[in-house]
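Notes to accompany the following structure.
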Amino acid sequence: MSDLTKLTIWDDPAIRSALSWYLDVAENRRPAKFRIAATVATEFDPAEENEDALWAEFDRLTPLFLARWQAIRAGGQLPPAAEGPSLLELSRELAYRMLSHCNFCPWHCRVDRVAGAKFGACKLASGSRVSSHFHHTGEELFYRGTQGSGTIFFTSCNMRCAFCQNGDISTDKDNGEETDPRTLAAMAWTLRREGCHNINWVGGEVVIHLHAIVDAIALLGRDFTPGPGELAQARRTKADRFLWFDEAPDAAVYDGAFNAPMLWNSNFFMTPESMKILRILTDVWLPDFKFGPGRCAMNLAKTPRYWETVTTTSRCSKRGARISPSATW
């Protein structure tokens, strides 16, 4: 039993019930969802099919994933990873297809961010930039625990909140270091092996980086081990690199392979398509529910349809907002 399990906050039955899946994955008693997705084989090579066919296959495989996830929650064993393409690779391919006509969020800019000739609301092409990553001790107790939440801060945002506490990284798209998926995976791999209880994807706003994050998670789900160059590149943005953390490799594995709960820390201003992908990869949600109905979102964040969008996506993730965190879907 780790120090996370020993926290008295778990004595609250409501918290323990809502966050039971997260706690089990954090303690490596269960595999993270991305590990389960890697066991659900697809019938074709995702790179060879059109986007409509990819979504049809995704919809076919999702019930199979759900059944497998529920069986594992009930104590079943994790099957071996698929030898060929799986739901994990299918999710990655769909995220990149969406990037070419970007519909990650309800702005529906439809710009080709791969080409990078025109920019949408987030001002980004295909590259993702990370401002910092570190052991975050400022999150809620069940996330920060004793070793911190393994937080990776991305730059840029799809909202324009006048009160943003991270305005320097949300409004400056050139802040931080441009980062590829392998370097992102190296950041997550390092933070978890240093004892972080979860991998906390945050910004700015993270949904506009969906392709890079899903790609990094797919790497982690396929026995990724970073090389010296990737570790050195990742270290460039490590805010606590001058501190010493004991590595505990055995605390970062389930059944011999990398394991960590994926925490999606977001404004939830995202499309149903983005949510469909995230629901099979995200173990715990941390929505920042900013505005109620009315004109506040427009007046303070220049964001239309905020209430309608976020109440829909929050229902998709099954439970409420930051004041009532959701563990599972």
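The values are calculated or read from the model by the stated rules, or taken from the named source; none is laboratory data. Owing to the predicted nature of the structure, the values given are computational and were not obtained by experimental measurement. Glycine also receives a Cβ, built like all others from the backbone with ideal geometry; neighbour counts cover every protein chain displayed.
Looking only at the stretch 133-164, how many residues end up being in a loop (DSSP other than H, G, I, E, B), of a type in the set (A, V, I, L, M, F, W, C) and touching a Gly at 6+ places or on another chain (Cβ under 6 Å)?
Within the stretch 133-164, the first condition is being in a loop (DSSP other than H, G, I, E, B), and the residues that meet it are 137-140, 145-148, 155-164.
Now restrict to residues that are of a type in the set (A, V, I, L, M, F, W, C): 157, 159, 161-164.
Checking which are touching a Gly at 6+ places or on another chain (Cβ under 6 Å) leaves us with 157.
The total comes to 1.
Within the stretch 45-53, at least one residue is over 22 Å from T282 (Cβ atoms) and touching an Asp or Glu at 6+ places or on another chain (Cβ under 7 Å).
Matching residues to (1) within 19 Å of Y143 (Cα to Cα); (2) within 14 Å of the chain's Cα centre (by Cα); (3) buried (at least 16 other Cβ atoms within 10 Å of the Cβ):
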| site | (1), (2), (3) |
| --- | --- |
| F245 | yes, no, yes |
| N265 | yes, yes, yes |
| F269 | no, no, yes |
| I280 | no, yes, yes |
| D283 | yes, yes, yes |
| F291 | no, no, yes |
| T303 | no, no, yes |
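For the stretch 70-99: of the residues being under 13 Å from R222 (Cα atoms) and either modelled with pLDDT under 95 or under 21 Å from the mean Cα position of the chain (by Cα) (or both), which is surrounded by the fewest Cβ atoms within 10 Å (Cβ to Cβ)? Here the answer is A81. In the stretch 48-69, the residues that are surrounded by 12 or more Cβ atoms within 10 Å (Cβ to Cβ) form no Cβ pair under 7 Å with any partner that is among the hydroxyl-bearing types (S, T, Y) and modelled with pLDDT under 95, whether six or more places apart or across chains. Here V111 clears all of (1) of a type in the set (V, I, T); (2) free of Cβ contacts under 8 Å to residues at least 40 places away in the same chain; (3) out of contact with any His (no Cβ under 8 Å at 6 or more places or on another chain) except the condition numbered (3).
Taking the stretch 11-28 as the range and being part of a helix (DSSP H, G or I) and more than 19 Å from A260 (Cβ to Cβ) as the test, the residues that pass are D11, P13, A14, I15, R16, S17, A18. Among the residues examined, G120 qualifies as free of Cβ contacts under 8 Å to residues at least 24 places away in the same chain and in contact with a Phe, Trp or Tyr (Cβ under 7 Å, 6 or more places away or on another chain). If you go through the stretch 196-224 and keep only what is surrounded by fewer than 24 Cβ atoms within 10 Å (Cβ to Cβ) and either basic (K, R) or touching a Gly at 6+ places or on another chain (Cβ under 8 Å) (or both), you end up with just R222.
Take T237 and decide whether it is within 23 Å of the chain's Cα centre (by Cα) and more than 14 Å from A185 (Cα to Cα).
On the way: within 23 Å of the chain's Cα centre (by Cα): yes; more than 14 Å from A185 (Cα to Cα): no.
The answer is no for T237.
Cβ separations smaller than 8 Å between residues 6+ apart or across chains give the following pairs from the stretch 164-181 residues that are closer than 11 Å to E205 by Cα to residues that are among the aromatic types (F, W, Y): N166/F153; I169/F153; I169/F154. Tell me, which residue of the stretch 109-132 that is part of a loop (DSSP other than H, G, I, E, B) and of a type in the set (A, V, I, L, M) is nearest to F269 (Cα to Cα)? Going through the qualifying residues, I end up with A121.
Exactly one residue out of P31, P106 is assigned to a loop (DSSP other than H, G, I, E, B), surrounded by 20 or more Cβ atoms within 10 Å (Cβ to Cβ), in contact with a Pro (Cβ under 9 Å, 6 or more places away or on another chain) and touching a residue at least 12 places away in the same chain (Cβ under 8 Å), and it is P106.
Within the stretch 157-177, the residues that satisfy the criterion of being of a type in the set (A, V, I, L, M) and crowded, with 17+ Cβ neighbours inside 10 Å are M159, I169.
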